[in-house]
Amino acid sequence: MMSPRAMLTRAAPVLACLGLLAVWQLASLALNNDSFPTAIEAIRAIPSILGDKESLINILASLRRMAVGFSLAVALSIPLGLMMGRSRAVASFFNPLLMVIYPVPKAALMPIIMLWLGVGDIAKTLVIFLGVSLPVIYHSFEGAKAVEEKMLWSGAAMGLSAPQRLIRIVLPAALPEILTGCRTGLVLALITMITSEMIARQSGAGNILFNALDMGQYDTVFAMIIIVGAMGIGLDALFERMRARLVKWSEPQFDIPLSFS
Amino acid sequence: MTVLPSRSNVQAELKPARKPASAMIEIDHVSQMFQTSGRQNHLALSDISLTIEDGAFVSILGPSGCGKSTLLYIVGGFVSPTQGSAKMKGKVIVGPGPDRGPVFQEFALFPWKSVLGNVMYGPRQQRVRPADAEAQSRALIEMVGLKGFEDFYPKELSGGMKQRVALARTLAYHPAVLLMDEPFGALDAHTRTRLQNDLLNIWERDRKTVLFVTHSVEEAVFLSDKVVMMTRSPGRIRQIVDIDLPRPRRRTELLLDPRYQKYVVDIERMFDDGDETGLRP
């Protein structure tokens, strides 16, 4: 049996959400504005969105682009970041490039990318890819840089070649830091997914949201915001669960709920 | 330097014929230059020549900053000397290899591997069959006194336990030479003493060649056949002292042994005489 204190700790994230909805409800009632529906009205609009086949296809298409963009970005960024972290030459070549790209909002590149690649899946996936890449590269780089030299020497003495050391020592040693980057990347994937669909208005969850906005269906707008938020929370919780399992060897002992997992 | 009375002929005849000592490591006129941040060259080691015989326990003793660890890294193949060369069994050392096993002050364990996983890492890299690697590793873990901790992660262990794992991990791939870089320097006095005793017990079994870097005079005398005293900045060999004390050595007996005490005092005096090269800051 859990102590009341432990129960409260576990329930805290849910209580925080309920609190937010309550504040929203009260604020909406107080302001009494058409473009600011109450929380209850927004929640009521959710089933009709998720029940509509076309909306559902749109949302799933968004998630697919996000998954492809995220996976490609992670698959390319981790090796690049690790190599940068272990090789001065690689780092000094890529670092200036990344410094230029990092502060640019990736969605701002959308119009140009649309010009080149059209408004289809490729353009939107590319933007997601760009959004995810930078934090993952950065954290992989930092993680690889921090790997203890003596650990690599120990591996070298056992007969590991330089590429083997990168994969079998630098990668696992930097994994906690890499996964921190991936977690940031996941949230950014969701953000760039929505913004790319906001600019390339053709399909997707972002498109539903902004169409509803155009037509003044504010309950649908807020319902979509809740859906996107819930997707973010769900994905993050899923990811956090996987992360905690992968790096349980490095976790400090504390049990503040940082996510919903 | 001899403090022992010469052995009687009878004793010498009774001893089993020892095979002639052959050179395991030869350090030949090694100098090491480092570039510091101010673009100045810092001479860390100056013209070091040293031969380490097969099966010998040799300590390199000196104040911090005398380049003694650098010398060990050169033998390990982790650092290339600016001048001169180091040889292992007559071959010039060009890089690290499993014939020379390092044990570092920082332990340098793989934190994502359990104790067993760490110890098995070397054998698995050498393609020993998993079942055999595991059996050997478990035996080694027991030998270093960590039976029951096989599935622990390094972060769950104390410093002394981590260094035991590091020693077992290195012994697991059977290096001909153990390179120990102030291995007990980060441990408290009590743990340090226990690990020194255990290291000697383990060493007595197969008498591997050991190169042991330390700044503790007592530790060097207690463990070694030979103590190489170094000076600071640039690091040079000041004197080599043969420690002619019987083995197996028992710490409690040795502490009362006037010969042991004389070695310690003599070495400390020599460092004190050497003005700024003294052990104490």
Proxy reagent accessibility, fewest Cβ within 10 Å first, across A:Arg165, B:Arg169: A:Arg165, B:Arg169
Calculated FRET efficiency for the pair A:Met242/A:Gln25, C-beta based, R₀ 41 Å, to 0.05: 0.75
Cβ neighbours within 10 Å from other chains - mean over A:172-185: 1
Of A:Lys124/B:Lys113; B:Lys113/B:Lys147; A:Lys124/A:Lys145; A:Lys150/B:Lys226; A:Lys150/B:Lys68, those spanning more than 28 Å from alpha-carbon to alpha-carbon: A:Lys124/B:Lys113; A:Lys124/A:Lys145
A:Phe36/A:Thr184 FRET efficiency (R0 30 Å; Cβ-Cβ; nearest 0.05): 0.45
Test item: Cα-centred dipole of the range A:10-152, Lys/Arg +1 and Asp/Glu -1 on Cβ, debye: 380 debye
Long-range HN-HN contacts of B:Phe152 with modeled amide H, under 5 Å: B:Val115, B:Leu116
Cα gyration tensor, chain A - rounded (a/c under 1.5), prolate or oblate: oblate
Rounded, prolate or oblate (a/c below 1.5 giving rounded, otherwise prolate when a/b exceeds b/c) for the range B:167-254 by Cα gyration tensor: rounded
Separation between Cα centres of the range A:26-62 and the range A:167-245, rounded to whole Å: 18 Å
Amide H contacts under 5 Å for B:Thr209, placed H, 5+ residues apart: B:Gly55, B:Leu178
Highest-first arrangement of B:81-93, B:153-165, B:111-123, B:33-45, where packing means the average Cβ count within 10 Å: B:111-123, B:153-165, B:81-93, B:33-45
Vicinal HN-Hα couplings computed from phi for the range A:161-171 (Karplus, 6.51 cos²θ - 1.76 cosθ + 1.60; Hz; Gly/Pro x): 6, 4, x, 5, 5, 5, 7, 9, 10, 5, 4
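Every number in this text was worked out from the coordinates using simple rules, so none of it is lab data. In this text, all values refer to a predicted model and were calculated from it rather than measured experimentally. So basically every Cβ, Gly included, is an ideal-geometry build from the backbone, and we count neighbours across all protein chains shown.
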